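The values are calculated or read from the model by the stated rules, or taken from the named source; none is laboratory data. All values reported here derive from a predicted model rather than from experimental measurement. All Cβ positions, glycine included, derive from the backbone under ideal geometry; neighbour counts span all protein chains shown. We work out accessible area using only protein heavy atoms, side chains counted, and drop any ligands, DNA or RNA first. Shrake-Rupley method; radii C 1.70, N 1.55, O 1.52, S 1.80 Å.
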Amino acid sequence: MKRARLVIVGGGQSGLAAARAGRDRGWEPIVLEAGPEPIGSWPDYYDSLRLFSPRQFSSFPGYDFPGPADSYPARDEVVDYVRGYASWLGVDIRTRSRVTNVTSDRAGGFTAHLADGAAVSGDVLIAASGSFGNPYIPPVAGGEEFGGQVLPVAEYRSPESFAGKRVVVVGAGNSAVQVGHELAQVAEVSLAVRDRVRLVSQLVAGRDLHWWLRLTRADLLPPWALDRFVTGTPVIDAGRYQQALHCGQLDQRRMFTAFTRDGVVWPDGTPERVDAVIFATGYRPHLPYLGSLGALDTDGAPRHRHGISTSAPGLGFLGLEFQRTFSSNTLRGVHRDAGFVVGALAHQRRKVAVG
């Protein structure tokens, strides 16, 4: 029997997880990666980034993260780990293969059209190209007048160029707090937040938080269930962020209401001169190559349920924030989603075959 061909758009952690799930099912996975290596967006994160989960909880199935199990990997260690995993998988990975459009055929399969004019066809397709390239910056009045520096956190690398400046970091999540704290060592920094920063202890009774998440299986809960227990975005803290907020080294204020030519206006009407504003306000899926399939809503977001397209049979998604669980878009959680999505696509194929 001919092996099903699984076309995967994106060669980062989600695409590699999809390839693993397809390979283990006996399918023929083909990974199309736009960049020069199958390492995803990890090299583009800020220099000081460290995972909030220890190595023992950040490994792909069957491929342990090297180093002390209880330590927290740095960005470049993650890059090396993902690179090694891609080689270890032994599947067909085609780099410098940017997908510009996907079309469906009469047999129910898909063809991915590449920027260089080539095309790759398959029986099913998974969009796993991530959202790092599409950071979300909310509209703020007067933004076009501001003469200072505005950038998404995706473009932030290190604090040196901000030394001695007045900086506002917008956001209350892990990236916002981590970057804000780093900048506060060399600059005057405020966090601009819609809701207060909510810190969660990294160590609980001597164990890392992720040990407890695994023990209680909370990592597997759907987002709506976690919402009953957690309000807002929890920021994992070993104590230094709490100390910085408590002593005023890093302060948090309600989100400013407008930009001016040289700064911002705070909710009480007070203007302040600001040199730079960094938005750590998340990312949005960027899937323009699926536009011709009718698989996206009017905002460009995928129409799906748990990663299975609701409008294009045979199409799946991976790497979406809270796709199925709290850990969906993480090193430790994406393989569970990959297994689910590939299994669901296999079920769809069987129904078509007997139908």
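Residue by residue through the stretch 311-353, note down the ones that are over 23 Å from the mean Cα position of the chain (by Cα) and more than 17 Å from ASP24 (Cα to Cα).
Once the filter is applied, which keeps residues that are over 23 Å from the mean Cα position of the chain (by Cα) and more than 17 Å from ASP24 (Cα to Cα), the stretch 311-353 yields SER311, ALA312, PRO313, GLY314, GLN348, ARG350, LYS351, VAL352, ALA353.
Can you name the residue in the stretch 174-206 that is modelled with pLDDT of 85 or more and small (Gly, Ala, Ser) and, of all such residues, is most open to solvent (accessible area, probe 1.4 Å)?
Ranking the candidates gives SER175 first.
Filter the stretch 87-103 down to residues that are exposed (fewer than 14 other Cβ atoms within 10 Å of the Cβ) and either of a type outside the set (S, T, N, Q) or in a loop (DSSP other than H, G, I, E, B) (or both), then give me how many there are.
Number satisfying all stated conditions: 3.
Considering (1) of a type in the set (D, E, K, R); (2) in contact with a strand residue (DSSP E or B) (Cβ under 8 Å, 6 or more places away or on another chain); (3) under 30 Å from HIS113 (Cβ atoms), say which one ARG83 fails and leave the rest.
Only one criterion in (1) of a type in the set (D, E, K, R); (2) in contact with a strand residue (DSSP E or B) (Cβ under 8 Å, 6 or more places away or on another chain); (3) under 30 Å from HIS113 (Cβ atoms) is unmet by ARG83, namely (2).
If we keep just the residues of the stretch 304-332 that are of a type in the set (Lys, Arg) and farther than 18 Å from GLY294 by Cα, which is least open to solvent (accessible area, probe 1.4 Å)?
ARG332
Determine whether ASP64 is closer than 26 Å to TYR289 by Cβ, free of Cβ contacts under 8 Å to residues at least 24 places away in the same chain, out of contact with any Gly (no Cβ under 6 Å at 6 or more places or on another chain) and not hydroxyl-bearing (Ser, Thr, Tyr).
On the way: closer than 26 Å to TYR289 by Cβ: no; free of Cβ contacts under 8 Å to residues at least 24 places away in the same chain: yes; out of contact with any Gly (no Cβ under 6 Å at 6 or more places or on another chain): yes; not hydroxyl-bearing (Ser, Thr, Tyr): yes.
Spelling it out, it is not the case that ASP64 is closer than 26 Å to TYR289 by Cβ, free of Cβ contacts under 8 Å to residues at least 24 places away in the same chain, out of contact with any Gly (no Cβ under 6 Å at 6 or more places or on another chain) and not hydroxyl-bearing (Ser, Thr, Tyr).
For the stretch 224-244, give me the residue count where each residue is hydrophobic (A, V, I, L, M, F, W, C) and either at pLDDT 95 or above or open to solvent by 40 Å² or more (accessible area, probe 1.4 Å) (or both).
Here the count works out to 4.
Over 26 Å from VAL235 (Cβ atoms), open to solvent by less than 70 Å² (accessible area, probe 1.4 Å) and in a loop (DSSP other than H, G, I, E, B): is that true of ALA344 in this structure?
Against the criterion (over 26 Å from VAL235 (Cβ atoms), open to solvent by less than 70 Å² (accessible area, probe 1.4 Å) and in a loop (DSSP other than H, G, I, E, B)), ALA344 does not qualify.
Given the criteria of a type in the set (D, E, K, R), in contact with a helix residue (DSSP H, G or I) (Cβ under 8 Å, 6 or more places away or on another chain), buried (at least 24 other Cβ atoms within 10 Å of the Cβ) and at pLDDT 95 or above, does GLU37 qualify?
Judged against the criteria, GLU37 is not a match.
For the stretch 71-86, what are the residues that are open to solvent by 50 Å² or more (accessible area, probe 1.4 Å) and touching a Gly at 6+ places or on another chain (Cβ under 9 Å)?
GLU77
Counting only residues that are assigned to a helix (DSSP H, G or I) and of a type in the set (Lys, Arg), how many does the stretch 21-67 have?
Final tally of qualifying residues: 2.
Find all pairs meeting these conditions: Cβ atoms under 7 angstrom apart; at least six residues apart or on different chains; first residue within the stretch 150-172 and modelled with pLDDT under 95; second residue open to solvent by 60 Å² or more (accessible area, probe 1.4 Å) and among the hydroxyl-bearing types (Ser, Thr, Tyr).
Here the result reads ALA172/THR233, each pair linking the stretch 150-172 to a residue that is open to solvent by 60 Å² or more (accessible area, probe 1.4 Å) and among the hydroxyl-bearing types (Ser, Thr, Tyr).
Is it the case that some residue within the stretch 252-275 is surrounded by 20 or more Cβ atoms within 10 Å (Cβ to Cβ), touching a helix residue (DSSP H, G or I) at 6+ places or on another chain (Cβ under 6 Å) and of a type in the set (A, V, I, L, M)?
Looking through the stretch 252-275, none of the residues is surrounded by 20 or more Cβ atoms within 10 Å (Cβ to Cβ), touching a helix residue (DSSP H, G or I) at 6+ places or on another chain (Cβ under 6 Å) and of a type in the set (A, V, I, L, M).
Looking at ARG5, ARG50, ARG23, which one is open to solvent by 20 Å² or more (accessible area, probe 1.4 Å), closer than 23 Å to ALA118 by Cα, in contact with a Pro (Cβ under 9 Å, 6 or more places away or on another chain) and of a type in the set (Lys, Arg)? Full working, then the answer.
Numbers: ARG50 fails: closer than 23 Å to ALA118 by Cα; ARG23 fails: closer than 23 Å to ALA118 by Cα.
None of the others qualify; the one that does is ARG5.
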